[in-house]
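What follows is a single structure, written as structure tokens, with notes after it.
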Amino acid sequence: MKNPQSLLEAIRYYSNETVCVEFLSNIRWGAGDKACNRCGSLNVYGLRTRPVFKCRDCKKQFSIKVGTIMQDSPLPITKWVPAIWMVVNCKNGISSCEMARALDITQKSAWHMNHRIRQAIANGTMEKLSGTVEADETLIAGRDANRHASKKLGHFGREVGTSVMGIVERGGKVVSHTLRSQAGPHLRASVRKHVAENAVLYTDGYQGYNGLGGEYYRDTVNHAHGEYVRGDAHTNTIENYWSLVKRMIKGTYIHVEPFHLDRYLQEQGFRYNLRKGNDSERFQ
Ligand SMILES: [Zn+2]
């Protein structure tokens with residue numbers, strides 16, 4: 001059978017343990033030798049009776065889950081594999097309740113799988129963004145309606161939430177993460193960490209970015225004065241990304257602890273960075 005193309009196909013296809021093991025073993029070892037995770041021996045074979053591998057040298061059996069995010073989980077890989085499909089392909093994310101229903105597991109198990117998967121797809125930040133880059137900071141607040149009365153924001157008339165930073169290469173990848181605050185030094189440190197020197201950098205007029213002009217070709221659009229686009233100078237790409245993030249958080253996760261926010265950002269960033277592929281490709 002060809003690779004599944006939809007969630008329904010994926011759930012059916014990967015409900016067979018042997019299929020899952022073969023799929024994961026191909027990703028892990030490719031066509032090459034399988035390695036024993038205990039002694040490193042390449043003298044490893046798959047048992048005929050169960051989807052488990054055995055090492056001829058140290059005589060130990062091991063499952064494909066060993067050494068992966070699935071290792072300590074009592075859930076079978078026939079639940080894990082479709083769960084991964086869901087996380088990488090649901091544009092607004094998938095709540096643990098929804099995942100629990102789709103896979104017939106408890107919400108608590110689904111929540112743990114969800115977080116493990118998010119951790120696994122965390123963006124590698126070693127690769128710097130280059131070319132034309134937009135940087136922007138924003139606040140992500142939980143829903144006011146969900147707050148305790150004493151913590152509601154409405155009557156203070158000010159925005160409160162967790163500060164987050166987003167940097168996107170036009171036509172390329174995005175990096176987003178939480179910030180300790182929106183103070184200039186934090187913003188500038190993030191830009192320096194994620195953007196290659198000599199990139200063209202667009203931001204809004206916030207003075208926190210001042211001081212980067214020596215390292216980047218920097219230009220700004222002044223939102224405070226109603227200016228949003230001037231030729232190539234705009235921050236629309238990163239603002240589109242923020243609307244994806246906010247839709248995911250408001251629509252799907254609803255109440256996000258600041259502590260977990262980075263993982264949600266990584267999740268949305270992962271889908272964004274593979275946006276050109278179809279569901280099946282993203283999953284692979
Ligand atoms: Zn071994």
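Laboratory data are not the source of any read-out in this text; all were calculated from the coordinates shown. Nothing here was measured: the structure is a model prediction, and the numbers come from that model. No Cβ is skipped: glycine too gets one built from the backbone with ideal geometry, and neighbour counts run over all protein chains shown.
Side notes on the structure shown:
- With both residues required to sit in the stretch 148-282, DSSP beta bridges show an antiparallel share near 60%.
- Computed extension gain for THR18 through ASP232, at 0.36 nm per residue and net of the alpha carbon distance, reaches 71.8 nm.
- Degrees, to the nearest 10: 17-29 long Cα axis against longest axis of the chain: 60 degrees
- Where labels lie 7 Å past Cα in the beta-carbon direction, separation of GLU257 and SER73 in nm: 2.0 nm
- Label sites at ALA224 and ASN92, each approximated as a point 7 angstrom past Cα along Cα to Cβ, lie 3.5 nm apart.
- DSSP bridge orientation in the chain - percent antiparallel, rounded to nearest 5: 70 percent
- Computed from backbone phi, the HN-Hα couplings of the stretch 38-49 come to 9, 10, x, 4, 9, 8, 10, 9, x, 5, 7, 7 Hz, rounded to whole numbers (Karplus: 6.51 cos²θ - 1.76 cosθ + 1.60, θ = phi - 60°; Gly and Pro given as x).
- FRET efficiency, TYR217 to GLN182 (Cβ-Cβ, R0 25 Å, nearest 0.05): 0.60
- Histogram of C-alpha separations across the chain, 5 Å bin width, %: 1, 5, 10, 13, 14, 13, 12, 10, 8, 6, 4, 2, 1, 0, 0
- P(r) tail fraction, the stretch 1-106 - alpha-carbon pairs more than 24 Å apart, %: 30 percent
- Panel order for ASP279, ASP72, by other beta carbons found within 10 Å of each beta carbon, from fewest to most: ASP72, ASP279.
- Per the chain, cysteines lacking a partner by the 4.7 Å Cβ criterion: CYS20, CYS90, CYS97
- Amide hydrogen proximity for LEU129: with H placed 1.01 Å from N in the peptide plane, the residues at 5 or more positions away or on another chain lying under 5 Å are VAL195, ALA196.
- Rounded to 10°, Cα long-axis angle of helix 258-273 versus longest principal axis of the chain: 80 degrees
- The ILE27 and LYS250 beta-carbon pair, evaluated with R₀ = 41 Å, returns a calculated FRET efficiency of approximately 0.75.
- Gain on full stretching of the segment that runs from GLN119 to ASN278 - 0.36 nm per residue minus C-alpha separation: 55.1 nm
- Relative to the dominant Cα principal axis of the chain, helix 77-89 is inclined by about 20°.
- Per-pair calculated FRET efficiency, R0 = 51 Å: CYS39 and SER6 via Cβ, rounded to 0.05: 0.80
- The chain - mean residue ellipticity at 222 nm from DSSP helices (-39,500 (n - 2.57) per run, n ≥ 4, rounded to 500): -10500 deg cm²/dmol
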